[in-house]
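Let me begin by presenting the structure, written as structure tokens, before commenting on it.
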Amino acid sequence: MRKFLVVLDDSRECLNAMRFAAFRAAKTKGGVQILSVIPPEEFKYWTGVVDIMRAEARERIQAHFEVFAKWMRSGHGVDPELVIREGEPVSEILDQIRADPEIGVLVLGAGTEKSGPGKLVTQLSKTSGTLPIPITIVPGEMSKERLEAIT
């Protein structure tokens with residue numbers, strides 16, 4: 001089964017990427033894998049504090065994932081899977097793509113800020129020529145209705 005890999009983070013554009021992945025997976029009988037990366041800078045403290053922070057980060061990610069998962073299951077019949085990795089986001093995304101041969105498309109949301117489409121879109125589009133899968137970049141301001149119509 002082909003999976004759409006989408007990154008779960010705190011950005012606004014993440015929502016449109018989730019929508020796009022769910023719509024496409026439902027229409028193509030594919031799956032959705034949601035990847036959340038905990039960056040290393042979150043763990044610059046003593047060992048005991050690091051363990052607590054890591055557990056809190058994972059709980060926060062799980063809660064955020066459950067909101068999207070419930071929406072995907074009930075509205076689209078898609079049962080997403082969650083993967084949590086720790087490290088630098090771009091390298092962890094690439095490692096996840098290499099680790100799961102069923103991933104067929106990376107879906108990213110483009111930010112609408114004047115500074116550009118966002119760190120992930122900028123960094124990953126630079127390497128897109130050598131990636132083993134295509135990247136779909138979803139505009140951050142695209143309406144839910146327009147997304148549904150084009151998928």
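Looking at A57, A26 in this structure, which one is touching a His at 6+ places or on another chain (Cβ under 6 Å), among the small types (G, A, S) and surrounded by fewer than 20 Cβ atoms within 10 Å (Cβ to Cβ)? Break it down stepwise before answering.
Working: A57 fails: touching a His at 6+ places or on another chain (Cβ under 6 Å).
After applying the criteria, what remains is A26.
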Take the residues of the range 18-32 that are in contact (Cβ under 8 Å) with a residue 60 or more places away in the chain and not in a helix (DSSP H, G or I): which is nearest to P80 (Cα to Cα)?
G31
Only residues that are in a loop (DSSP other than H, G, I, E, B), among the hydrophobic types (A, V, I, L, M, F, W, C) and in contact with a Leu (Cβ under 8 Å, 6 or more places away or on another chain): list them for the range 126-151, please.
L131, I133
Give me the residue from the range 112-151 that is in contact with a helix residue (DSSP H, G or I) (Cβ under 7 Å, 6 or more places away or on another chain) and among the small types (G, A, S) and, out of that set, nearest to K29 (Cα to Cα).
G140
Suppose the filter is at pLDDT below 90 and assigned to a helix (DSSP H, G or I); does Q123 pass it?
yes
Number of the condition not met by E42 [criteria: (1) at pLDDT 90 or above; (2) of a type in the set (D, E); (3) surrounded by fewer than 14 Cβ atoms within 10 Å (Cβ to Cβ)]
(1)
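If I filter the range 79-90 down to residues being closer than 23 Å to R2 by Cα and at pLDDT below 95, which single residue comes out as surrounded by the most Cβ atoms within 10 Å (Cβ to Cβ)?
Of the range 79-90, the ones closer than 23 Å to R2 by Cα are 79-85, 89-90.
Adding the requirement that they be at pLDDT below 95 leaves 89-90.
Working: P89: 19, V90: 16.
Among those residues, the one meeting the criterion is P89.
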Restricting attention to the range 38-48, does a residue exist that is touching a residue at least 12 places away in the same chain (Cβ under 8 Å), in a helix (DSSP H, G or I) and among the hydroxyl-bearing types (S, T, Y)?
no
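The values are calculated or read from the model by the stated rules, or taken from the named source; none is laboratory data. Every value quoted in this text rests on a predicted model; they were computed, and no experiment measured them. A quick note on method: Cβ atoms are made from the backbone with ideal geometry, for glycine too, and the neighbour counts reach across all protein chains shown.
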